[in-house]
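The values are calculated or read from the model by the stated rules, or taken from the named source; none is laboratory data. Every value quoted in this text rests on a predicted model; they were computed, and no experiment measured them. Here the Cβ positions follow ideal geometry from the backbone for every residue, glycine too, while neighbour counts run over all protein chains shown.
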Amino acid sequence: MMAFPTHHSIRLYCGVAIFGASVMLTPARALDSEPTPPGTATAALPVFKDPTAALREGLAGYRAGNFDASVKALRYAAEGGQSVAQWKLGQMYAAGDGVPHDDIKAFQYFSQIVASYDEDASDPREIPFISSAFVSVGNYNLHGLQSLKRNPRRAFQLFHYAATNFSDANAQYNLARMYLDGEGVPADPRQATRWLSNAAEKNHMEAQALLGNMLFQGLNGLPRQRHRGLMYLTLAREAAGDRPENRWIVDLYDTAIRTADDFDKQAAHIELSRQLNKRSR
């Protein structure tokens, strides 16, 4: 059985991963900027009272659409250990939001958060950002980068940590997929169902769709529960909207609603009402 990673072992690994990714990059892809040629005058760096003040200015600049000033302030805050600044920069580089898209920089910023995480000293208000960073580093390990080999086992450990310690729905969903696919861990449909259920109860759209289809079809050893499956598929379909990337959810729902009989639909409607009432309390 796989040993559960301590935050120390994850911190050690991420420190090595950051170094490894950095040394494999060309100077043009260094974390913050290209080296200044000898003899070139450097521009004055912005001065902030402290990393916390820089974080506030960086977020305000981002909201105002002043991305150049925002990035400078956020970098200052990130270098001062502000995990929210590290997370925001990681998100910006991962999405190409106000900066050129750069997964290497995103990976490095997210990895800084994971590497420095201390469960005994972290601010509870920062946990959502820390949890998100664990999931992002897990995804980069799962899929790999130009300078980072795929490491499904490490991805599993990161997802498991975030799913267990932070109750992160994205981590729980990713963990379930790995159990279903047998990637990074032996296939285990029972564990997959458990984690899908946890994520689905948090309104995770993809988990609701996947669990709903499994229940409706009676897949992966689950007893067929068509009404519960249709209920989850209905929730997922409502959340999916018309976005192209969610077409698979729409297709699963359309197939289920087309083959469901009147009893399935009525029972699903009752189950859906119960779920919505429970969540509104």
Of the candidates Gly212, Gly221, the one satisfying the condition of being within 19 Å of Arg177 (Cβ to Cβ) and crowded, with 21+ Cβ neighbours inside 10 Å is Gly212
Tally, over the stretch 100-128, of residues that are in a helix (DSSP H, G or I) and either more than 11 Å from the chain's Cα centre (by Cα) or buried (at least 20 other Cβ atoms within 10 Å of the Cβ) (or both): 18
Residues located in the stretch 180-203, provided they are in contact (Cβ under 8 Å) with a residue 24 or more places away in the chain, within 22 Å of Pro152 (Cα to Cα) and not polar (S, T, N, Q): Leu180, Glu183, Gly184, Val185, Pro189, Arg190, Ala192, Trp195, Leu196, Ala199
What number of residues in the stretch 162-196 are in contact with a helix residue (DSSP H, G or I) (Cβ under 6 Å, 6 or more places away or on another chain) and in a helix (DSSP H, G or I)? 17
It is to be established whether one or more residues within the stretch 193-200 are touching a Lys or Arg at 6+ places or on another chain (Cβ under 6 Å), closer than 30 Å to Ile130 by Cβ and crowded, with 17+ Cβ neighbours inside 10 Å. no
If we scan the stretch 192-203, do we find a residue that is outside the structural domain of Leu252 (by TED's automatic domain parsing) and farther than 24 Å from Leu272 by Cα? no
